[in-house]
């Protein structure tokens with residue numbers, strides 16, 4: 001459904017996006033991650049036809065984003081990072097405007113309005129002025145507006161930034177329902193729990209796509225577990241003090257706190273018993289250590305460090 | 001080409017209806033008209049004058065009356081010493097002082113040259129010039145009279161006749177020009193702000209991913225403001241005729257038609273300005289940059305013919321110049337289409353230029 005080959009964007013000397021290639025099948029939720037300023041929004045803008053790629057190409061639903069830019073506009077929905085509806089208009093007036101912008105006939109518009117208002121849980125708020133809505137409802141309205149014309153592909157640039165956890169979950173429930181109905185979703189986010197929910201994730205760092213695939217695949221990437229190294233989770237008391245000690249241990253490549261436990265990457269040949277033994281010797285009595293798959297956060301932090309080291313050296 | 005025009009227009013009308021600033025949309029041009037119309041009063045009349053009459057005879061009193069009957073001088077006070085006369089002028093209480101010497105009536109009777117001193121405050125050159133001419137003319141007439149001559153007996157008589165504005169009312173000159181300035185001010189600001197607001201609020205990006213075309217977006221924004229501009233012109237014209245008593249000598253429908261023509265470059269300029277600004281503060285500054293020359297150089301206040309050559313040539317690049325020419329032509333001189341078609345053509349060319357420029361600049365901002 002979405003396919004890019006060597007997509008590159010330069011602004012003068014600055015390379016904002018370098019040689020990005022990926023393919024997303026229909027009905028997938030693609031999570032696009034990366035630090036701020038790494039090129040996420042630039043990729044989305046190129047896919048939506050807001051920016052022209054310097055080199056490389058991208059196809060949406062089999063159409064070239066440059067050659068068929070106008071054709072594509074009818075097939076995609078876009079929800080930008082900033083809330084971008086008219087706050088001085090009512091919910092219904094915003095819907096009417098975007099419907100008319102996509103050329104929906106009145107009867108069809110009324111039908112679609114009912115559908116998206118129902119989907120977004122906006123019933124009874126049609127005559128409310130948008131600036132009186134809460135953040136969560138504004139976001140749902142933005143989503144509703146971008147769904148009016150039944151896009152095949154929906155781009156969402158940080159749709160849940162700054163919303164409370166309940167509203168966040170409701171938006172994700174909505175996204176899953178859309179994906180089930182066959183809409184392809186392209187979502188940028190900073191939240192790792194959201195990334196874990198995606199069927200595919202891409203990680204962009206310093207304008208390059210450094211990893212792309214299903215979350216489970218990324219966790220088994222050789223770069224994440226270099227030279228037979230393995231990930232362990234340690235559950236113990238005083239995890240902060242334990243973390244300091246573990247980091248000094250030569251068998252430990254990397255360690256970080258993850259929730260209540262410590263996630264650590266240990267060199268080949270280290271097993272759970274070795275680590276438990278080390279901590280017991282240091283005075284810990286009650287602890288639990290087991291082999292785990294890395295979390296996506298582990299994956300991205302490790303990838304970022306590797307690339308930063310490469311760029312630096 | 002114009003896809004989405006209706007959608008944008010309807011939305012724009014909703015914005016206008018809901019914007020609290022809309023309440024002032026008709027008040028602002030009216031207030032400006034009243035302020036400018038009354039403040040820019042260039043008519044020199046009834047200037048406060050002090051008199052030092054050292055003669056105090058029938059003849060001297062008659063002379064003061066004659067000064068007053070020119071309508072330029074109004075005796076506000078009589079003074080009794082040179083110091084008093086001086087201080088009245090220095091303090092600004094009087095703009096002119098008439099000093100009649102004690103020998104005035106005697107000199108007249110004896111056929112000697114009688115002198116009268118008129119002191120004029122020269123700091124306001126327009127007023128001073130008028131007073132100077134009036135006092136010289138009075139002296140000239142008095143001399144003819146005492147020599148037993150009447151004006152009819154003069155060998156050469158120049159008969160000037162004032163056309164179009166016989167009473168030299170300055171409102172007749174300023175108010176029509178003011179219509180042009182107000183119309184431009186309001187329309188340029190309104191359109192520039194309506195576009196910049198979209199950029200500022202982030203809604204522009206959302207518009208650009210819809211199938212709405214650039215032409216549809218720009219014209220959809222222009223039409224509602226065009227309508228407002230028209231209503232404002234009508235309102236200002238009515239106030240001009242009823243309150244300032246400036247009659248429209250030419251055709252009102254031609255005037256309205258050509259005002260419509262002027263709205264094209266004015267609104268186009270607003271859109272061009274909006275492409276240079278990313279927020280409303282910047283839009284304000286750029287607008288002032290565009291509008292100031294059109295107030296100073298369009299001939300609205302200062303006659304263009306007396307400007308230095310470079311500035312005179314510059315004034316041809318300002319659309320308001322042509323519109324003010326049209327306004328004065330129709331309102332004051334009753335000019336018709338044959339005299340004004342070339343101005344209309346220039347305005348239209350400016351309009352096409354600005355709109356083409358705005359479409360081009362819009363494209364650029366997308367990268």
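Quick note: the coordinates plus some simple rules give every number you see, no bench work behind them. On a predicted model such as this, the values are computed, not experimentally measured, just so you know. Positions of Cβ are generated from backbone atoms using ideal geometry, with glycine treated the same way; all protein chains shown enter the neighbour counts.
Please label the shape of region B:87-141 as rounded, prolate or oblate, based on the square roots a ≥ b ≥ c of the eigenvalues of the alpha-carbon gyration tensor (a/c under 1.5 means rounded; beyond that, a/b larger than b/c means prolate, else oblate).
Judged from the Cα gyration tensor, region B:87-141 comes out oblate (a/c at least 1.5, b/c at or above a/b).
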Note to self: At 222 nm, what value in deg cm²/dmol follows for chain B if DSSP H runs of at least 4 each add -39500 (n - 2.57) and the sum is divided by all its residues, to the nearest 500?
What the structure shows: -21500 deg cm²/dmol
Item checked: Partner chain coverage, peptide A:101-107 - average Cβ within 10 angstrom -> 4
Notebook entry, point to check: Quick one: if the Förster radius is 35 Å, what FRET efficiency do residue B:48 and residue B:26 give, using the C-beta to C-beta distance and rounding to 0.05?
Noted result: 0.40
Next item on the list: Kindly provide the Kirkwood hydrodynamic radius of chain B in Å, to one decimal, from all pairs of distinct alpha carbon atoms.
Entry: 24.4 Å
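Please report A:79, B:9 as a ranked list, fewest other C-beta atoms within 10 angstrom at the top and most at the bottom. Before the final figure, lay out each step's value.
Details: A:79 23, B:9 19.
Ascending number of Cβ neighbours within 10 Å: B:9, A:79.
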Next item on the list: Treating each Cα of region A:225-293 as an identical point scatterer and ignoring solvent, apply the Debye formula and state log10 I(q)/I(0) at q = 0.17, 0.18, 0.23, 0.26 Å⁻¹.
Entry: -0.50, -0.56, -0.95, -1.25
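Would you kindly work out the equivalent ellipsoid of chain A from its C-alpha gyration tensor and give its semi-axes, the square roots of five times the eigenvalues, largest first in whole Å? Spell out each step's value before the answer.
Values: eigenvalues 362, 116, 46 Å².
Result for chain A: semi-axes of 43, 24, 15 Å.
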Margin query: Relative to 2.2 N^0.38 Å, what does the C-alpha radius of gyration of the protein assembly as shown come to as a ratio? Two decimals please.
Written below: 1.52
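Considering every residue in A:68-77, what mean count of other chain Cβ atoms within 10 Å of its Cβ is obtained?
Per-residue shielding by partner chains comes out at 2.
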Notebook entry, point to check: Does region B:89-181 come out rounded, prolate or oblate by the C-alpha gyration tensor, with a ≥ b ≥ c the root eigenvalues, rounded set by a/c under 1.5 and, if not, prolate when a/b is larger than b/c and oblate if not?
Noted result: oblate
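For a footprinting-style exposure proxy, rank B:12, A:217 by other Cβ within 10 Å, fewest first. Let's see the in-between values first.
On the way: B:12 18, A:217 12.
Listed from fewest to most nearby Cβ atoms, that is A:217, B:12.
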Notebook entry, point to check: For region A:108-198, rounded, prolate or oblate, judged on the Cα gyration tensor with a ≥ b ≥ c (square roots of eigenvalues), a/c < 1.5 rounded, else prolate if a/b > b/c?
Noted result: oblate
Next item on the list: Give the angle, between 0 and 90 degrees and rounded to the nearest 10, that separates the Cα long axis of helix B:125-146 from the longest principal axis of the Cα atoms of chain B.
Entry: 30 degrees
Checklist line | Distance from region B:83-126 to region A:167-228 (C-alpha centre basis), Å | finding: 95 Å
Checklist line | Between helix B:170-201 and chain B: long-axis angle, C-alpha atoms, 0 to 90°, nearest 10 | finding: 30 degrees
Next item on the list: Go ahead and set up a Gaussian network model of chain B, Cα springs under 10 Å, then flag whichever of B:242, B:348, B:141 fluctuates most.
Entry: B:141
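In peptide A:121-129, what is the residue-averaged number of other protein chain Cβ atoms found within 10 Å of each Cβ?
Details: counts 0, 0, 0, 0, 0, 0, 0, 0, 1.
Per-residue shielding by partner chains comes out at 0.
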Note to self: I need B:38, B:322, A:191 ordered by Cβ neighbour count within 10 Å, fewest first.
What the structure shows: B:38, A:191, B:322
Item checked: Degrees between helix B:337-365 axis and first principal axis of chain B (Cα, 0 to 90, nearest 10) -> 40 degrees
Next item on the list: Could you work out which residue, out of B:260, B:177, B:139, moves most in a Gaussian network model of chain B, that is, has the largest mean-square fluctuation with Cα springs under 10 Å?
Entry: B:139
Check: What number, in percent, do you get for the relative contact order of chain B if the mean sequence gap of Cα pairs under 8 Å and at least 6 apart is divided by its residue count?
Finding: 20 percent
